[in-house]
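The values are calculated or read from the model by the stated rules, or taken from the named source; none is laboratory data. The model shown is predicted, which means the values in this text are computed figures rather than measured ones. All Cβ positions, even for glycine, are placed from backbone atoms using ideal geometry, and neighbour counts span all protein chains on display.
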Amino acid sequence: MKSILLIGLGRYGRHIAEHLCELGHQIMAVDMDEERVNKVLSFVTSAQIGNSTNRAFMESLGVSNYDVCISTIASDFQSSLETASLLKELGAKMVVARAARDVQEKFLLRNGADEVVYPEKQLAKWTAIRYSADHILDYIELDNEHAIFEIPVPEDWAGQTVGGTDIRKKYGINIMGIRKNGKLELTVSPDMVMGAEDTMMVLGRIQSIQKCFKI
């Protein structure tokens, strides 16, 4: 369990609060809008109405005591930049800030942010990849070169064992899991038999996966 300071409670921030709550973390939520704060009260440990660019207010939160500080401010980049800088000045251990454009990411990283999330860009890429190929069920990018894909077991692989595909030797791809009847099996052994209705979680270089499965 981690203690998390969450700044900005628009739709994106509210979704983060809900998921952090499901994961069992302690959350301090902050926003200038009282209505937004009230909407997340059932998901967070505590909440405050205040301006994240106000030094006195931020000092009162004890920023350095949190494991992670997340700023989801997107509509006002000046406030986002000031918030990230102030968090770091006040001793934040980890500052995660939201960017809406590439240039914002660069400025945030130079002015206090340790990590930058770019939800619109990341979701756009996921959507393009997920829905431009009929046999991609899910996609998680790890970096510019590596990713995890969930794809159906190829027809000619049905009935074969994981080891029999020799996929790691041929393509440098690892089969991380097999989903059978909706249940994901993460303990994959070389003698596990793959069925025609199964799907696979494969990890490797994006180009290798595209070549192997003709994506």
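Selection over segment 64-80 of residues that are among the hydrophobic types (A, V, I, L, M, F, W, C) and either in contact with an Asp or Glu (Cβ under 7 Å, 6 or more places away or on another chain) or not in a loop (DSSP other than H, G, I, E, B) (or both) gives a count of 4. Based on what the data block shows, is A92 of a type outside the set (S, T, Y), part of a loop (DSSP other than H, G, I, E, B), more than 18 Å from the chain's Cα centre (by Cα) and more than 18 Å from Y12 (Cβ to Cβ)? Yes: the conditions hold for A92.
Among the residues of segment 53-97, the ones that are more than 17 Å from S3 (Cβ to Cβ) and among the small types (G, A, S) come to 8 in all.
Condition check ((1) in contact with a strand residue (DSSP E or B) (Cβ under 6 Å, 6 or more places away or on another chain); (2) surrounded by 14 or more Cβ atoms within 10 Å (Cβ to Cβ)) across all residues:
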{"site": "K125", "(1), (2)": "no, no"}
{"site": "I129", "(1), (2)": "yes, yes"}
{"site": "A133", "(1), (2)": "no, yes"}
{"site": "L137", "(1), (2)": "yes, yes"}
{"site": "F149", "(1), (2)": "yes, yes"}
{"site": "P154", "(1), (2)": "no, yes"}
{"site": "G159", "(1), (2)": "no, no"}
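If the condition is being modelled with pLDDT of 80 or more and either among the hydroxyl-bearing types (S, T, Y) or over 19 Å from S75 (Cβ atoms) (or both), then segment 113-126 contributes D114, E115, Y118. Filtered by the rule that a residue be in contact (Cβ under 8 Å) with a residue 40 or more places away in the chain, surrounded by 20 or more Cβ atoms within 10 Å (Cβ to Cβ) and not aliphatic (A, V, I, L, M), segment 17-65 gives a lone residue, S52.
Can we say T165 is of a type in the set (S, T, N, Q), crowded, with 19+ Cβ neighbours inside 10 Å and over 29 Å from the mean Cα position of the chain (by Cα)? Yes: the conditions hold for T165. Could you grab me the full set of residues in segment 44-63 that are under 11 Å from G91 (Cβ atoms) and part of a loop (DSSP other than H, G, I, E, B)? The answer is G62, and nothing else. Residues of segment 45-84 that are under 13 Å from G8 (Cβ atoms) and under 20 Å from the mean Cα position of the chain (by Cα): C69, I70, S71, T72, I73, A74, S80, A84.
Scanning segment 22-42 for residues that are in a helix (DSSP H, G or I) and within 21 Å of G62 (Cβ to Cβ) returns V37, V40.
Segment 95-158 holds strands (runs of 3 or more DSSP E) entirely within its bounds, and those carrying 3 or more residues that are without any contact (Cβ under 8 Å) to a residue 40 or more places away in the chain and over 30 Å from M192 (Cα atoms) map to 95-98, 115-117.
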